Amino acid sequence: MNYLKKITFIICFATGICQAQQKITDASYSLSGLIDQKIPVELTVSVSKNVVLGNIRYVKTKEKKPIKIIGTLDSGTHYHLEEFEKDGNISGIIDAVLKNGKLEGTWSSTKSDAVYPMALDVQTKINPKPEIFSPVLSDHFEGTYTYQYGEDGYQGSITIKKIKGQIYSYDIGSVTSAPGRNIADASGEVMIKNNQFTIEINKSCSFLATFYNGFISITPVPSGQSRDCEFGLNATLEGTFLKVK
């Protein structure tokens with residue numbers, strides 16, 4: 001996944017953080033169709049403001065296991081969705097527009113430069129169970145959260161440990177794409193309040209970490225502002241980190 005697309009996704013995600021924490025689901029859809037005109041899939045998504053959660057199933061696979069979807073909705077019709085495997089690896093990316101009951105666009109692989117057309121139809125007779133957008137309970141903050149855009153793409157990990165009360169320690173590190181990986185990292189102790197904490201690198205560089213149900217979103221403060229974070233070229237702490245343990 002290229003740097004610009006990664007940052008665009010994170011900026012879109014950041015605008016919906018507060019709204020999505022309100023347990024409100026604007027809409028839920030069940031869709032089915034084909035990737036590359038030959039790979040059948042079933043996609044279920046819930047939307048809260050501009051945040052999208054759900055799962056995708058590849059129906060011709062042996063186990064047909066659901067793969068977690070986390071993404072954004074932009075301008076009311078454009079969906080950017082990322083497939084998160086259980087270990088935090090992002091295996092595929094969907095960019096598509098929902099119009100007149102059809103979700104049409106592309107599916108791209110993080111393992112290669114392959115991009116395939118995708119066309120799914122909304123199943124109007126199916127009413128999927130809404131996803132939970134509310135943050136985790138406070139006693140579940142501890143753990144390890146990661147993301148990885150394939151073996152060669154951006155990667156990141158953050159570990160949260162409780163010290164006492166609302167005080168926690170964090171240790172975060174991320175790298176840019178191979179082969180010339182550059183590093184961004186930070187660690188410290190913070191108070192988690194209202195399911196959020198701030199990572200302050202210096203006076204001109206800080207990030208907001210927000211807990212969701214099973215993942216953390218880390219975004220710059222303020223969103224989209226250029227900063228001198230003293231990281232390597234294009235390295236950043238930004239990202240959507242899935243809880244893996």
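Values for this structure:
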{"quantity": "Region 103-165 shape via C-alpha gyration tensor axes, a/c threshold 1.5", "calculated": "oblate"}
{"quantity": "Helix axis angle, 3-14 relative to the chain longest principal axis, alpha carbon, degrees", "calculated": "90"}
{"quantity": "Thr198 paired with Asp152, simple spin-label distance in nm, labels 7 Å along Cα-to-beta-carbon", "calculated": "4.0"}
{"quantity": "Listed residues His78, His140 arranged by accessible area, highest first, probe 1.4 Å", "calculated": "His140, His78"}
{"quantity": "Residue-level accessible surface for Glu230, protein heavy atoms, 1.4 Å, Å²", "calculated": "140"}
{"quantity": "Inter-probe distance in nm under a simple model that places probes 7 Å from Cα toward Cβ, at Asn127 and Leu34", "calculated": "3.2"}
{"quantity": "Overall form of region 139-245 per C-alpha gyration tensor (a/c, 1.5; a/b vs b/c)", "calculated": "oblate"}
{"quantity": "Cα-Cα over 21 Å, subset of Lys49/Lys162; Lys161/Lys245; Lys49/Lys129; Lys38/Lys65; Lys65/Lys102", "calculated": "Lys49/Lys162; Lys65/Lys102"}
{"quantity": "By accessible area with a 1.4 Å probe, ligands and nucleic acids excluded, highest first: order of Tyr149, Tyr29", "calculated": "Tyr29, Tyr149"}
{"quantity": "Glu189 accessible area, 1.4 Å probe, all protein chains in place, Å² to nearest 10", "calculated": "130"}
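The values are calculated or read from the model by the stated rules, or taken from the named source; none is laboratory data. The structure presented is a predicted model; accordingly, all values stated were derived computationally and were not measured. In this analysis, Cβ positions are derived from the backbone assuming ideal geometry, glycine residues included, and neighbour counts consider all displayed protein chains. Ligands, DNA and RNA are excluded from the accessible area calculation, which covers all protein heavy atoms including side chains. Shrake-Rupley method; radii C 1.70, N 1.55, O 1.52, S 1.80 Å.
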